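Structure record follows, encoded as C-alpha cells.
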Amino acid sequence: MIEIDHVSQIFRTSGRQAHLALSDISLTIEDGAFVSILGPSGCGKSTLLYIVGGFVSPTEGVARVKGRAITGPGPDRGPVFQEFALFPWKTVLGNVMYGPRQQGVKAAEADAQSRRLIEMVGLKGFENFYPKELSGGMKQRVALARTLAYHPAVLLMDEPFGALDAHTRTRLQNDLLNIWERDRKTVLFVTHSVDEAVFLSDKVVVMTRAPGRIKQIVDIELPRPRRRAELLLDPRYQKYVVEIERMIDDTSEDGLRP
Amino acid sequence: MMARVLSRLAPLLACLGLLAIWQAGSLMLNTESFPTAIEAVRAVPSILGDRESVINILDSLRRMAIAFAAALLFAIPLGLMMGRSRLVASFFNPLLMITYPVPKAALMPIIMLWLGVGDLAKMLVIFLGVSLPVIYHSFQGAKAVEEKMLWSGAAMGLSAPQRMIRIVLPAALPEILTGCRTGLVLALITMVTSEMIARQSGAGNILFNALDMGQYDTVYAMIIIIGAMGIGLDAAFEKLRSRLVRWSEPGFDIPLSFA
Amino acid sequence: MNARALTSEVLLGIIPIALAVALWQAISSFGYAPVTLLPPPGLVFSRLAQQLGTSNFQHEIASTLFRLFAGFSIAVILGVGIGLAAATNPVVNAVVRPIVRVLAPLPKVALYPALLLLLGFGHESKITLVAADALFPILLSTYYGASMVEQKLIWSAMAAGTPRRQILFKVVLPAAVPSILTGCRIGLVISCIVVFLAEMISSTDGLGHMLVTAARTFQAVDMFVPLITISLLGLILNGLLQGLRSYLLRGFPEV
Ligand SMILES: Nc1ncnc2c1ncn2[C@@H]1O[C@H](COP(=O)(O)OP(=O)(O)O)[C@@H](O)[C@H]1O
Ligand SMILES: [Mg+2]
C-alpha cells in the first residue's frame, strides 16, 4: 500500500521565488491497484510520482510504502520515464540485465531472464541493438522491460506513452494491461489523456491546475479484462470519459479565474 | 548574500591561494632560481616602470590585437560557410586537419626566412594560430543551426546571403564566441612563443632574455605579467560574451582554452 | 551516407592539399623563390623518406613521442579525475572552479622558464608543460559531460538498486565518455603543439630541436622535415583516437 500523507512541494526558482507545485496532497493506493493521475501539464503530476519514487523529497508531509516512510529510490518501486532514459552505452539486453545484475543475480541467470522479458515485450531479435537503433515505441518497450526485470512491486509510469504515435500507443496500452492482469503489480500511471486513464485504471485521480491539488477521485467500475473495441462502444466508458473531461474543463476555468 | 560575495571573490581568493602555495614552496625549496612570490611581485613595478619594457609589451599587444582581428575577419565567414555547405566543408576539412597539429609558432623560423624578423612575420604566425580554433568553432556552430529556422527565413523571402547574416550568424554566435575566447588565449601564447624565437622585441623576448641572463626575479615577474594579461583579457572577453549572447543558456563560466 | 559520396568527399578534400603542393612546386621550379628559402616539395619529401630510415631520426621521433605520451597521459588521468570529482562533489567544485578559472586562460608557455629552473632541462619540465596545457580542455569537458548527465539515467540506475557511491562509475562516467573523448582530442592536438614548442625552446633532442638546429644553419630542407613529421604524427594519433572513439561510442547517437 502507498500512502501519500499531506504532501506539499515548494520549488525555489532561479528568480529566488517560491513556487508551490503540489499543495496538500493525500492519497492512498491499494496493493495491486491501477491508479492514474490526470491533470493539465505543469500541475505537478511528475513531481508527485518522483516523490513516491524517492527521487525528490517533499517539502512537507510524508509518503509511505508498506507503512515505511520513503527516503530514497529502491527496487521495490520501478520508474518508467517518458524520456525512456535508456543507457545509451548498453545494448537492449545490457539495459534489461542491468537491474537483475545489480540485485546480485548470476550473469547466466540474468541473461536468460532478460531474454524472456525482451521476448515478452515483443522485441525478440533486437537483443544486441543499441537504443539509438530503435524506434520510440521499441525504446519504451525496452524501458518497461528494464524496469520489470528487477520485479518492482510498484510501477511508476510518467506519461510513458505520451511521445508515441496513436497506433503504437494503443498497442502498448494493450500490452501493459495484459502484463498487469497477469501479475497485478501496483501501478501509478501519470497521463494527460482521459481515454488512456479510463481505459487502464481502477481509479482516476483528477488534479487541478497549479498549484496541484486533488480535485476528485473517480472509481472506474468497468469489467476486466478490458478490450478496447468493446469498451469504446460501452456507454459506461463513454460516460466516464465525458464526466472526467467536464471536470478538467472546470479546473481550467478555475485556473483562469484568479 | 554571503555566498554571493564569496563566489564573486572566489577567483581572487584562488589567485591569492596560488601565490601563497608558491610562497610556501619557494621558502621550502630555498634555491636561488625560485624566488618567493613576494620577491617576484615586488619586481613587477620595476618592469612596468621601465619605459623600454612598457613599449615592448605594448608593441606585443598591438601586434596581437591586429592579428587577432584579422583572423576573426577571415575565420568566421569561412567557418560559417563550411558549416552550411557540405561541399565547402569537405573541401577545407582535410587541409585544416593536417595543419591543426603543427605548432604555428614553429613556422616562425621559416616565415622569418621569407619576411624577416619584423612585425609582419609575428603577426602572420598569430593570425594562423588564432584562425584554426575560430574556424573550427564557427563551423560547428553553423552546422548546428536548425534547418527549420533557415526554411522559415527562406519562406519570409530572405536570400541566401541574408540568411547567412541574419540567421546563421546570430544562431551560431555563442559557439563562435567560444572559439574567439580560445583564440584569444592562443594569440597570447603564440605571441610569447614567436617573440621568444625571434628574440628581437616584445614580452616574450624580455622573459627569455631574463632567463638566459639569470635574472630570476625578472623571469618570474614577467610570468606574473603575462599570466595577468591572459587572465585579464579572458575575463574582459567573457564579460563581452555574456552580454552579447544573453539569450543563450548560461554556458560555462570557465574558458575552454588551449595551447 | 553511401560509399560513393564518401569517396567523392575525400577526393574533394585532397584537392586543396594537392593544389598547395602544386603551388609550392611551381614557385620553386619557376624560380620565384631560391631553394635556400623554399626547397621544392620533392626534395623535402625525399629527405623525409631518407631520414625516416636513419636511427638518429627515429631516436628524435621517439623522444618527442615519449614526452607527448607521458604529458598527455598525466593530463588525461588528472583531467578526468578532477573533472569527475568537481562535477559530483560540491566541496571539490567550490575549490576547483575558481582555480581553474584562473589557471585555464593563463598562457602556460610563460611558465616554461620557471619549469626549466625548477625541474631542469630534461624530460620532466617538458612533460609537465605538455600535461599543464592538455589538462584543462580534458578537465573542462569531463566536468561539462559529467554535470550534464541526464538526471533520469541516474534515477533509473538508483531505482534498479545501484548504491550511491557506484553511480559515479556505473552511470556518470560512461555517460560522460563522449564529452571526455572530445576533450582528449583537443588535448592531443595541444600536446603535439606544446611538446614541439618546448623542444624548440630548450632541448638536446626531439623534433623541435631538429627544427632549431636546422634554422641556425639555414638548412631550409631540414626545417620542413620535422614540421611535416609532427603534422603526420598528429594525423596518425588523431586517427587512432578516432578509432577508439567510434568503438567506445558505438551505442551513442552521432553528434
Ligand atoms: N526542479 C524543479 N525546480 C523548479 N521548479 C520545478 C522543478 N520541477 C518542477 N517544477 C515546477 O513544478 C511544477 C510541476 O511540474 P511537473 O511535476 O513536472 O508537472 P507535470 O508533470 O504535471 O507537467 C511546474 O510548474 C514546474 O515548473
Ligand atoms: Mg510531467
Suppose we filter A:Asp31, A:Asp5 for residues that are surrounded by fewer than 23 Cβ atoms within 10 Å (Cβ to Cβ), away from ligand 1 (no atom under 11 Å from the Cβ) and either within 14 Å of chain C (Cβ to nearest Cβ) or touching a residue at least 60 places away in the same chain (Cβ under 8 Å) (or both); which single one remains? A:Asp31
Flag for C:Leu227 being free of Cβ contacts under 8 Å to residues at least 40 places away in the same chain, touching a Leu at 6+ places or on another chain (Cβ under 9 Å), closer than 29 Å to B:Phe139 by Cβ and within 11 Å of another protein chain (Cβ to nearest Cβ): yes
Would you be able to tell me the number of residues in the stretch B:24-37 that are at negative phi and surrounded by fewer than 17 Cβ atoms within 10 Å (Cβ to Cβ)? 8
Filter the helices (runs of 4 or more DSSP H) completely within the stretch C:55-130 down to those with at least 2 residues that are more than 14 Å from every other protein chain (Cβ to nearest Cβ), farther than 23 Å from B:Met196 by Cβ and modelled with pLDDT of 95 or more. C:55-88
So C:Ser203 fits all but one of (1) away from chain B (no Cβ under 12 Å); (2) of a type in the set (S, T, N, Q); (3) free of Cβ contacts under 8 Å to residues at least 60 places away in the same chain; what number is the exception? (3)
I need a count of the residues in the stretch A:204-250 that are part of a helix (DSSP H, G or I), under 19 Å from A:Ile37 (Cβ atoms) and among the hydroxyl-bearing types (Ser, Thr, Tyr). 1
Just wondering, is there one or more residues in the stretch B:71-78 that are within 14 Å of another protein chain (Cβ to nearest Cβ) and assigned to a helix (DSSP H, G or I)? yes
Scan the stretch B:190-202 for residues that are at pLDDT below 85 and outside any loop (DSSP other than H, G, I, E, B) and report the count. 3
Hey, could you check the stretch C:20-44 for residues that are at the interface with chain B (Cβ under 9 Å from one of its Cβ atoms) and free of Cβ contacts under 8 Å to residues at least 12 places away in the same chain and say which is surrounded by the fewest Cβ atoms within 10 Å (Cβ to Cβ)? C:Ala20
Within the stretch A:8-22, residues within 11 Å of ligand 1 (Cβ to nearest atom) and either within 14 Å of another protein chain (Cβ to nearest Cβ) or over 25 Å from A:Phe161 (Cα atoms) (or both) come out as A:Gln9, A:Ile10, A:Phe11, A:Arg12, A:Thr13, A:Ser14, A:Gly15, A:Gln17, A:Ala18, A:His19, A:Leu20
So for the stretch A:123-141 (the condition being assigned by TED's automatic domain parsing to the domain that holds A:Val7, crowded, with 16+ Cβ neighbours inside 10 Å and within 16 Å of ligand 2 (Cβ to nearest atom)), does at least one residue qualify? no
State which residue is farthest from the other protein chains (Cβ to nearest Cβ) when the search covers only the stretch B:109-142 and only residues that are over 29 Å from C:Val10 (Cα atoms) and out of contact with any Leu (no Cβ under 9 Å at 6 or more places or on another chain). B:Asp119
By residue number, the members of the stretch A:162-192 that are in contact (Cβ under 8 Å) with a residue 60 or more places away in the chain and either of a type outside the set (D, E, K, R) or under 17 Å from A:Met138 (Cα atoms) (or both) are A:Gly162, A:Ala163, A:Trp180, A:Thr186, A:Val187, A:Leu188, A:Phe189, A:Val190, A:Thr191, A:His192
Report yes if A:Arg64 is of a type outside the set (Val, Ile, Thr) and in the same structural domain as A:Ile4 (by TED's automatic domain parsing), otherwise no. yes
Just give me the residues in the stretch A:56-83 being within 16 Å of ligand 1 (Cβ to nearest atom), closer than 23 Å to A:Ala163 by Cβ and in contact with a strand residue (DSSP E or B) (Cβ under 8 Å, 6 or more places away or on another chain), in sequence order. A:Val56, A:Pro79, A:Val80, A:Phe81, A:Gln82
Run down B:Ala10, B:Ala40 and say which single residue is surrounded by 12 or more Cβ atoms within 10 Å (Cβ to Cβ) and touching a residue at least 12 places away in the same chain (Cβ under 8 Å). B:Ala40
Can you tell me which of A:Arg226, A:Arg182, A:Arg209 is crowded, with 17+ Cβ neighbours inside 10 Å and in the same structural domain as A:Ser36 (by TED's automatic domain parsing)? A:Arg209
State the number of residues belonging to the stretch B:93-108 that are touching a Leu at 6+ places or on another chain (Cβ under 8 Å) and either of a type in the set (Val, Ile, Thr) or surrounded by fewer than 24 Cβ atoms within 10 Å (Cβ to Cβ) (or both). 8
With C:Ile167, C:Ile127, C:Ile180 as the choices, which residue is among the β-branched types (Val, Ile, Thr) and surrounded by fewer than 19 Cβ atoms within 10 Å (Cβ to Cβ)? C:Ile167
Please verify whether the stretch C:147-156 includes one or more residues that are among the polar types (S, T, N, Q), within 11 Å of chain B (Cβ to nearest Cβ) and either buried (at least 18 other Cβ atoms within 10 Å of the Cβ) or part of a helix (DSSP H, G or I) (or both). yes
Do we have any residue at all in the stretch A:207-225 that's within 16 Å of ligand 1 (Cβ to nearest atom) and within 14 Å of chain C (Cβ to nearest Cβ)? no
Subset tally (residues that are surrounded by 20 or more Cβ atoms within 10 Å (Cβ to Cβ) and either of a type in the set (Asp, Glu) or away from chain C (no Cβ under 14 Å) (or both)) for the stretch A:71-122: 2
Within 16 Å of ligand 2 (Cβ to nearest atom) and away from every other protein chain (no Cβ under 14 Å): which single residue out of A:Gly53, A:Gly67, A:Gly42 fits that description? A:Gly42
Condition first: of a type in the set (A, V, I, L, M), more than 16 Å from ligand 2 (Cβ to nearest atom), over 19 Å from A:Thr191 (Cα atoms) and in a strand (DSSP E or B). Can you find one or more residues in the stretch A:17-31 that meet it? yes
Among the numbered criteria (1) within 16 Å of ligand 2 (Cβ to nearest atom); (2) away from chain C (no Cβ under 14 Å); (3) surrounded by fewer than 22 Cβ atoms within 10 Å (Cβ to Cβ); (4) of a type outside the set (Lys, Arg), which single criterion is violated by A:Ala163? (2)
Name the pairs: first residue in the stretch A:138-159 and within 11 Å of another protein chain (Cβ to nearest Cβ) and assigned to a loop (DSSP other than H, G, I, E, B), second residue within 16 Å of ligand 1 (Cβ to nearest atom) and not hydroxyl-bearing (Ser, Thr, Tyr), Cβ to Cβ under 9 Å, at least 6 apart or on different chains? A:Pro152/A:Pro79
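The values are calculated or read from the model by the stated rules, or taken from the named source; none is laboratory data. These numbers come from a predicted model, not from an experiment. For neighbour counting, all protein chains shown are included, and Cβ atoms are generated from backbone atoms with ideal geometry for every residue, glycine included.
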